[in-house]
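Novice: I'd like to ask some things about the structure below.
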Amino acid sequence: MLRIRNLKCYYGRIRAINGVSLSVKPREMVALIGANGAGKSTLLQTICGLLPGWEGDMRYEKEPLSGLRPPEIVRRGISLVPEGRLLFPPMSVLDNLKLGAYLRYRRREQAAINGDLEHVLDLFPVLRERARQPAGTLSGGEQQMLAIGRALMARPRLLLLDEPSMGLAPFLVKLILDILVQLKDDGMTILLVEQNARAALQVADRGYVLENGHIVLDGPADELLADQDVKRAYLGKDYREFYDGRA
Amino acid sequence: MQEFLQYLFSGVTNGAIYAVIALGFTMLYKSTGLINFAQGEFVMLGALSMITLWSGFELSLPLAFLLTIAGVSVVGIILERLAIRSVRKPHPIVLIIITIGASILLRGVAMLGWGKDAHSSPAFSRNEPFEVAGATLLPQSLWILGIVLVIVTALHFFTRGTLTGKAMQACAINKRAAWLLGIPSETMVLLAFAMSAGMGAVGGILIAPISMSSYDMGMTLGLKGFCAAMLGGLGSSWGAVLGGLLLGILEALGVGFFSSSLKDGIAFLLLLLILYVRPAGILGARAVHRF
Ligand SMILES: Nc1ncnc2c1ncn2[C@@H]1O[C@H](COP(=O)(O)OP(=O)(O)O)[C@@H](O)[C@H]1O
Ligand SMILES: [Mg+2]
């Protein structure tokens with residue numbers, strides 16, 4: 001579904017991604033793990049068209065993504081739940097969700113959008129309760145749900161998530177990952193970026209390990225979970241410590 | 001009392017016009033973070049175009065009204081396209097200087113087009129003035145208040161009730177997030193320029209029948225609109241309306257009870273005072289750190 005070959009991304013002259021190749025098959029959940037600064041966010045932003053000027057080959061459903069800007073990429077069915085959520089805090093939960101479907105409103109898909117809105121509110125009942133509240137008044141977990149809901153409103157076929165567990169208590173991390181599994185079972189393809197490697201690999205089918213802009217390891221998620229190098233580098237810390245360090 | 005009421009009427013009338021000009025500033029600032037010092041020239045272009053189209057070409061009032069707004073909006077779009085968009089490194093100071101440059105250019109062009117003489121247009125309707133509790137109320141004042149009310153309501157509906165309005169707000173809050181959802185921020189910025197120029201034109205159209213208009217009127221009116229916008233809190237639409245009315249009323253009372261030489265000074269006095277005492281404006285306490 002998504003195939004990336006020898007991707008290089010730049011910030012000015014600095015190269016942040018150094019020849020990455022990866023692929024995501026339809027209805028698969030792939031985890032991309034790596035330490036802070038490894039280039040995970042850069043990779044996701046490049047796929048979404050936020051960082052033009054990359055080199056290499058990126059294809060989505062066999063069509064090249066080169067030269068496309070975010071509106072065209074969203075229209076093709078790729079949505080990103082960005083790092084830090086990037087909600088519109090003063091606007092209501094409902095408005096945030098509706099703006100996720102901006103391009104579809106422009107194509108007058110009103111009825112389908114209303115259906116999807118109901119679906120998202122069923123998926124996250126707490127958002128229904130808070131529908132009229134400003135997004136900024138939600139708790140961290142609720143905001144993450146809203147960010148995911150907003151991305152879903154574009155009706156993507158490939159959902160990219162950038163550290164959805166950031167700053168959340170373990171039970172919320174579990175809740176969010178359960179939702180992702182549910183989405184996957186309903187047919188969604190997911191590329192999940194996480195520093196929380198253990199949690200991500202437990203729900204994913206396959207995983208890639210990114211270090212300094214290179215893929216250093218890849219394979220089925222259970223093999224990565226058992227891998228000695230991965231254990232040492234990313235799973236060494238107890239889960240709770242991990243969470244405490246980032247809250 | 002009667003005297004006070006009279007000043008109040010004239011203050012509210014002028015204040016409503018300042019409010020529209022302030023809305024133009026606010027609208028653009030909210031969407032782009034930019035203070036457009038050519039805003040006053042849009043007012044001037046609005047007033048002079050209206051006089052030419054309505055009194056000169058004898059178009060019907062509604063047609064002249066709409067054509068003027070459309071024309072000035074196009075000038076706003078051209079300003080954005082040619083002068084603002086093309087800047088490589090859009091540092092705020094650079095942009096502000098560009099708008100000052102644009103205002104000088106527009107003033108020069110207007111002087112070539114309309115000459116140095118002052119012009120005025122007739123009142124929108126020829127009804128007799130009303131008597132209210134001994135004070136005279138001009139029909140033109142009612143026109144002005146009515147039109148400003150319609151505009152404020154329409155603007156409110158636009159930002160709260162339409163997808164485009166919400167998308168524009170979203171761009172203002174977080175451009176990157178909006179772009180990620182596929183909202184074309186460039187189009188929204190262009191729309192903000194067009195709307196804020198149109199708002200300035202309305203201010204000019206309303207002013208044309210009640211004062212003399214000439215190519216150099218934009219500077220003072222622009223600064224008064226800016227003062228009203230600051231007074232209410234930059235970025236707050238209701239603040240702009242409130243600030244405009246407040247400025248108009250204070251000005252009228254100052255002129256009435258003290259001296260007419262005070263008129264233009266009051267705006268600047270207020271501006272200094274507000275910058276000193278409450279830089280966020282009356283309603284703008286939260287808005288200032290949004291960007
Ligand atoms: N806007 C930027 N300008 C310059 N360098 C950046 C920028 N954003 C990230 N980088 C650099 O690119 C590298 C990868 O960053 P990032 O993709 O954010 O990593 P991750 O998401 O894995 O933590 C880091 O070395 C970071 O310093
Ligand atoms: Mg990151």
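Novice: Picking from B:T52, B:T13, B:T68, which is most flexible by a Gaussian network model of chain B using Cα springs under 10 Å?
Specialist: Highest fluctuation of the listed residues: B:T52.
Novice: Here's a follow-up. Roughly what % of Cα-Cα distances in the stretch B:26-94 sit above 14 Å, to the whole percent? Write out the running numbers ahead of the final one.
Specialist: On the way: 1535 of 2346 pairs.
Of all Cα-Cα pairs in the stretch B:26-94, 65 percent lie more than 14 Å apart.
Novice: Starting from a Cα-only point model with no solvent, please compute log10 I(q)/I(0) by Debye for chain B at q = 0.09, 0.17 1/Å.
Specialist: -0.41, -1.47
Novice: Right, next: Which residues' amide hydrogens lie under 5 Å from the amide hydrogen of A:Y208, considering only partners 5 or more residues apart or on another chain, with H built in the peptide plane?
Specialist: The answer is A:A31, A:L32, A:I33.
Novice: Moving on to the next point. What lysines sit close enough to B:K116 to cross-link, taking a C-alpha to C-alpha distance under 26 Å and skipping anything fewer than 8 places away on the same chain?
Specialist: Cα-Cα hits under 26 Å: B:K224, B:K263.
Novice: What are the ³J(HN,Hα) couplings of the stretch A:103-108, residue after residue, when phi is run through the Karplus curve with 6.51, -1.76, 1.60 and θ = phi - 60°? Round to Hz, x for glycine and proline.
Specialist: 5, 6, 4, 5, 9, 6
Novice: Let me ask another. So, for chain B, what is the accessible surface per residue at a probe of 1.4 Å, expressed in square angstrom? Could you put the intermediate results ahead of the total?
Specialist: Details: 13310 Å² over 291 residues.
On a per-residue basis, chain B sits at 46 Å².
Novice: Scan the stretch A:22-82 for trypsin sites (Lys or Arg not before Pro) in coil per DSSP, keeping those whose Cβ has at most 16 other Cβ atoms within 10 Å, and list them by number. Show your work: numbers first, answer last.
Specialist: On the way: sites: A:R27, A:K40, A:R59, A:K62, A:R75, A:R76; in loops: A:R27, A:K62.
Sparse-neighbourhood loop trypsin sites (Lys or Arg not before Pro): A:R27, A:K62.
Novice: At 4 °C and 1.567 mPa s, grab the translational diffusion coefficient of the stretch A:127-202 from Stokes-Einstein with a Kirkwood Rh over Cα pairs, rounded to a whole number in µm² per second. Kindly include the intermediate steps, with their values, before the conclusion.
Specialist: Numbers: Rh = 13.1 Å.
The estimated diffusion coefficient comes to 99 µm²/s.
Novice: Restricting things to Cα coordinates, could you compute the convex hull volume per residue of chain A in Å³?
Specialist: Numbers: hull volume 30.1 nm³, N = 247.
Measuring per residue, one finds 122 Å³ for the Cα hull of chain A.
Novice: Quick check on the stretch A:81-153: what does the Kirkwood estimate of hydrodynamic radius come out to from the alpha carbon pairs, in Å? Kindly include the intermediate steps, with their values, before the conclusion.
Specialist: Values: mean 1/r = 0.0837 Å⁻¹.
Here the Kirkwood hydrodynamic radius works out to 11.9 Å.
Novice: In terms of modelled amide H atoms, which long-range or inter-chain residues lie less than 5 Å from the amide H of A:S21?
Specialist: A:N6, A:L7, A:I215
Novice: Could you work out the local net charge near A:R59, counting Lys and Arg as +1, Asp and Glu as -1, over the other residues with Cβ closer than 12 Å to its Cβ? Intermediate results must be reported in sequence, preceding the final value.
Specialist: Working: positive: A:R3, A:R5, A:K62, A:R76; negative: A:D57, A:E61, A:E63.
Neighbourhood net charge equals +1.
Novice: Using θ = phi - 60° and the Karplus form 6.51 cos²θ - 1.76 cosθ + 1.60, what ³J(HN,Hα) does each residue of the stretch B:96-110 get, whole Hz, x for Gly and Pro?
Specialist: Result, ordered by residue: 4, 5, 4, 5, 5, x, 4, 5, 5, 4, 4, 4, x, 4, 5 Hz.
Novice: Along the stretch A:7-15, what does the Karplus equation 6.51 cos²θ - 1.76 cosθ + 1.60 (θ = phi - 60°) give for ³J(HN,Hα), rounded to whole Hz, x for Gly and Pro?
Specialist: Here the 3J(HN,Hα) series is 7, 10, 10, 10, 10, x, 9, 7, 8 Hz.
Novice: Now, a different point. For the stretch B:130-244, state what percent of all Cα-Cα pairs lands in each successive 5 Å bin, counting from 0 Å until the bin that includes the largest distance.
Specialist: 2, 9, 14, 20, 18, 15, 10, 6, 3, 2, 1, 0, 0
Novice: Let me ask something else about it. Mind checking the per residue accessible area of the stretch A:1-125 for me, 1.4 Å probe, whole number of Å²?
Specialist: Details: 5460 Å² over 125 residues.
Result: 44 Å² of accessible area for each residue.
Novice: Give me the compactness ratio for the protein assembly as shown, meaning the Cα radius of gyration over 2.2 N^0.38 Å.
Specialist: Details: Rg = 28.3 Å, N = 538, 2.2 N^0.38 = 24.0 Å.
For the protein assembly as shown, the normalised Cα radius of gyration comes out at 1.18.
Novice: Based on DSSP loop calls and a cut-off of at most 13 other Cβ atoms within 10 Å, the longest stretch of chain B free of exposed trypsin sites (Lys or Arg not before Pro) is what?
Specialist: Details: sites that count: B:R85, B:R88, B:K116, B:R126, B:R286.
Longest gap between qualifying sites, sites excluded: B:127-285.
Novice: Over 21 Å between C-alpha atoms is what I'm after, so list which of B:K89/B:K166; A:K8/B:K89; A:K25/A:K98; A:K25/A:K62 land there. Display every interim value, and only then the final one.
Specialist: On the way: B:K89/B:K166 28 Å; A:K8/B:K89 26 Å; A:K25/A:K98 29 Å; A:K25/A:K62 12 Å.
In this structure, B:K89/B:K166; A:K8/B:K89; A:K25/A:K98 exceed 21 Å between Cα atoms.
Novice: Roughly how much accessible area, to the nearest 100 Å², goes out of reach of solvent when A and B pair up, both sides summed, probe 1.4 Å? Don't jump to the answer; show the numbers that get you there.
Specialist: On the way: alone 11810 and 14360 Å², together 24190 Å².
In total, this chain pair buries about 2000 Å².
Novice: I'd like the orientation of helix B:218-232 relative to chain B: the angle between its Cα long axis and the longest Cα principal axis, in ° from 0 to 90, rounded to 10.
Specialist: 70 degrees
Novice: Which percent of the accessible area of chain B is formed by carbon and sulfur heavy atoms (probe 1.4 angstrom)? Walk me through the numbers before you get to the answer.
Specialist: On the way: 9240 of 13310 Å².
Summing carbon and sulfur atoms, their accessible area is 69 percent of the total for chain B.
Novice: Right, here's the next one. Counting only residues 5 or more places away or on other chains, whose amide H sits under 5 Å from the amide H of A:V81 once H atoms are built in the peptide plane?
Specialist: Amide H neighbours of A:V81, under 5 Å, 5+ apart: A:L160, A:L161, A:D162.
Novice: Same structure again: Can you tell me the FRET efficiency between A:R69 and B:T187 if r is taken as the Cβ-Cβ distance and R0 is 22 Å, rounded to the nearest 0.05? Don't skip to the end; give the middle numbers.
Specialist: On the way: r = 12 Å, r/R0 = 0.56.
After rounding to 0.05, the efficiency reads 0.95.
Novice: If you don't mind, there's one more thing I want to ask. Can you list the equivalent-ellipsoid semi-axes of the stretch B:115-177, largest first and in whole Å, using the square root of 5 times each Cα gyration tensor eigenvalue?
Specialist: Numbers: eigenvalues 294, 69, 17 Å².
For the stretch B:115-177, the ellipsoid semi-axes come out as 38, 19, 9 Å.
Novice: For the pair A:D57 and B:I100, what calculated FRET efficiency results from E = 1/(1 + (r/R0)^6), where r is the Cβ-Cβ distance and R0 = 51 Å, to the nearest 0.05?
Specialist: Details: r = 48 Å, r/R0 = 0.94.
Taking R0 as 51 Å, the efficiency between B:I100 and A:D57 is 0.60.
The values are calculated or read from the model by the stated rules, or taken from the named source; none is laboratory data. The model shown is predicted, which means the values in this text are computed figures rather than measured ones. Note that each Cβ is placed from the backbone with ideal geometry, even for glycine, and that neighbours are counted across all protein chains shown. For the accessible areas, the whole protein counts, side chains as well, though only heavy atoms, and no ligand, DNA or RNA atoms are used. Shrake-Rupley method; radii C 1.70, N 1.55, O 1.52, S 1.80 Å.
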